[in-house]
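This report concerns only the one structure given below.
The values are calculated or read from the model by the stated rules, or taken from the named source; none is laboratory data. Computed from a predicted model, the values in this text were never measured in an experiment. Virtual Cβ from ideal backbone geometry, glycine too; neighbours counted across all protein chains shown. Accessible surface is based on the protein model in full, side chains and every heavy atom, while ligands, DNA and RNA are left aside. Shrake-Rupley method; radii C 1.70, N 1.55, O 1.52, S 1.80 Å.
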Amino acid sequence: MHEENKAAANGCGKIRSGAQNGAALLALMEKTGYSMVQQNGQRKFGGPPPGWEGPPPPRGCEVFVGKIPRDMYEDELVPVFERAGKIYELRLMMEFSGKFIGVCVSLDNCRLFIGAIPKDKKKEEILNEMKKVTEGVVDVIVYPNATDKTKNRGFAFVEYESHRAAAMARRRLIPGTFQPWGHTIQVDWADPEKVVDEETMQRVKVLYVRNLMISTTEDKIKAEFNKFKPGVVERVKKLRDYAFVHFFHREDAVAAMSVMNGKCIDGASIEVTLAKPVNKESSWKQHFNGQISPSSENLLGFPNKEDGTQKSLGKPASLSVRLNGQHSPGPPEVERSTYPIFPGIKLSPISMYSLKLSHFSSAVMHLDYFCHKNSWAPPEYCLYSTTSQDGKILLVYKVLISSIADDSQSYFMPEKLCTTVEDAKELAAQFTLLHL
C-alpha cells in the first residue's frame with residue numbers, strides 16, 4: 001500500500017488543491033475503469049463496475065461509513081474499502097461549498113408579503129411606512145376586508161423595483177427588528193404571479209372582478225356589466241368578494257373592463273382586469289402545490305384515474321381557485337419521501353409557521369397555516385353526525401374562522417357527509433380554503 005493510502009487508512013488525508021484533487025480522481029478512474037457521476041448532492045463511483053454481469057448485489061450488501069475526514073476523497077477511500085472485497089458502488093456525500101454547484105432557473109421575485117398589519121391602516125399609510133425603512137418601493141397592494149371595506153385584510157404585498165431591492169428589504173424587515181405602528185409584522189416572499197403568454201391572453205374573454213360586497217349577487221353583477229351593452233354577458237360566477245364575468249365575445253370583455261373598472265356596485269369600488277386562464281382540472285391541486293392525496297381527490301370530486309368517471313361528491317375541481325385575489329402559481333411538486341438520520345446530523349427545533357406552503361400535504365395543515373399567516377385565531381372544528389338509511393354513521397365538520405383583530409366570525413360547512421372522521425375534517429378544511 002502506498003504511503004498516501006496508509007495515511008488515508010489512518011484518517012490523515014492531505015489537503016489538496018482543486019487541480020490536484022481532479023488529477024487524483026482521473027487517475028483512479030483510469031486505473032480501475034470505474035465511472036464517476038455527480039447526482040443529488042452525492043458523487044457515485046461505480047455501480048456497476050467494469051465487466052459486471054447479472055443483477056445488482058442484494059439487500060444487506062451495503063454499509064454506511066460515517067466520520068470520514070472532509071478532505072478525503074475516492075482515490076484514498078477506494079483502496080481502503082477494497083481490502084474488504086470488490087466494490088460494486090461507492091457514494092460519497094458532498095458539500096456544495098468548494099465543490100460542484102447546482103444550477104436552476106432563478107425567480108426574479110420583486111414582491112414581498114407583509115402580514116399582521118393593523119386592519120385600520122390605509123394603502124397610503126402602509127406605503128409611506130415601507131418607504132421609511134426600505135428602498136426601491138414601487139407600490140403597495142392592499143386588499144379590503146370582505147365584510148367591511150373600510151378595513152384591510154391584515155396583510156399587503158409590497159412591490160420593489162428589483163429583486164435585489166426586495167431581498168434587502170426582506171432582510172431589513174425580519175420580525176423583531178422593525179415594528180411599524182408598534183406591531184410585529186410577518187415578512188415572506190410573495191408567491192410569484194402566474195405568467196401567461198401574450199398570445200393566450202389575447203384570447204381571454206373573461207373578466208376578474210375584485211372588491212365586491214359579500215351581499216352582491218351574481219344577477220346584480222350581470223345586470224351592471226350588461227348596462228353598457230345589453231346581452232354581452234354570458235354568465236357570472238361569484239366567490240365570496242370576487243367574481244368571474246364571462247362574455248360571448250372578447251371585444252366586449254375588453255370594452256367592459258375599460259368602462260367598469262373603478263365603478264361602484266352596492267357601495268363598493270370594484271377593480272376589473274382580464275382573468276388569467278388556469279387549467280380547471282388541476283387548479284385545486286395546484287392550490288395545494290400538487291400534494292393532494294388520492295383520497296382527498298375523491299372527496300372533492302376529481303375524475304377517477306382508472307376509469308375516468310366523475311365522483312359524485314361535489315364539483316370544486318371545476319372552479320378557478322384564487323388565494324388572496326391571485327391565481328395559485330402551482331409551484332413544482334415537492335418530493336415526498338423519508339430519509340435516514342445519519343450519525344452526527346444536527347436537528348434544530350423550528351416552528352411549522354416558518355415553513356413554506358409546499359411543506360404541507362393536507363388541507364387541515366394548510367388551513368392552520370393560512371389562518372396564522374393572516375393573524376386569525378386557529379380554525380375550530382365542530383363535528384356533527386347523522387345516520388344513513390342503511391344504518392351507517394355519517395359525519396361532517398363545521399369550521400369556525402375567527403378574526404382576532406375585529407372579532408368577526410365565519411362558519412364553513414361542506415354539503416357532503418363522510419364515513420370517517422379524517423375524511424370529514426380534510427373535506428371541511430378544503431371547503432373552507434376554497435371559500436376564503
Can you work out which of the residues in the range 1-32 that are part of a loop (DSSP other than H, G, I, E, B) and either among the β-branched types (V, I, T) or open to solvent by less than 50 Å² (accessible area, probe 1.4 Å) (or both) is modelled with the lowest pLDDT? G11
Out of all the residues in the range 339-372, which are aromatic (F, W, Y) and either touching a helix residue (DSSP H, G or I) at 6+ places or on another chain (Cβ under 9 Å) or surrounded by 14 or more Cβ atoms within 10 Å (Cβ to Cβ) (or both)? Y353, F360, Y369, F370
Single match in F248, F228 (criterion: over 31 Å from the mean Cα position of the chain (by Cα) and at pLDDT below 85): F228
Any residue that is of a type outside the set (K, R), assigned to a helix (DSSP H, G or I), open to solvent by less than 80 Å² (accessible area, probe 1.4 Å) and within 30 Å of D252 (Cβ to Cβ) - is there at least one of those in the range 137-151? no
Restricting attention to the range 167-218, and to residues there that are in contact with a strand residue (DSSP E or B) (Cβ under 8 Å, 6 or more places away or on another chain) and open to solvent by 80 Å² or more (accessible area, probe 1.4 Å), which single residue is modelled with the lowest pLDDT? E193
Looking only at the range 234-244, decide whether some residue is open to solvent by less than 70 Å² (accessible area, probe 1.4 Å), of a type in the set (F, W, Y) and assigned to a helix (DSSP H, G or I). no
Hey, could you check the range 59-76 for residues that are of a type in the set (D, E, K, R) and at pLDDT 85 or above and say which is most open to solvent (accessible area, probe 1.4 Å)? D75
Select from the range 116-160 the residues that are farther than 21 Å from R210 by Cα and within 24 Å of the chain's Cα centre (by Cα) and write down the one among them that is modelled with the lowest pLDDT. A116
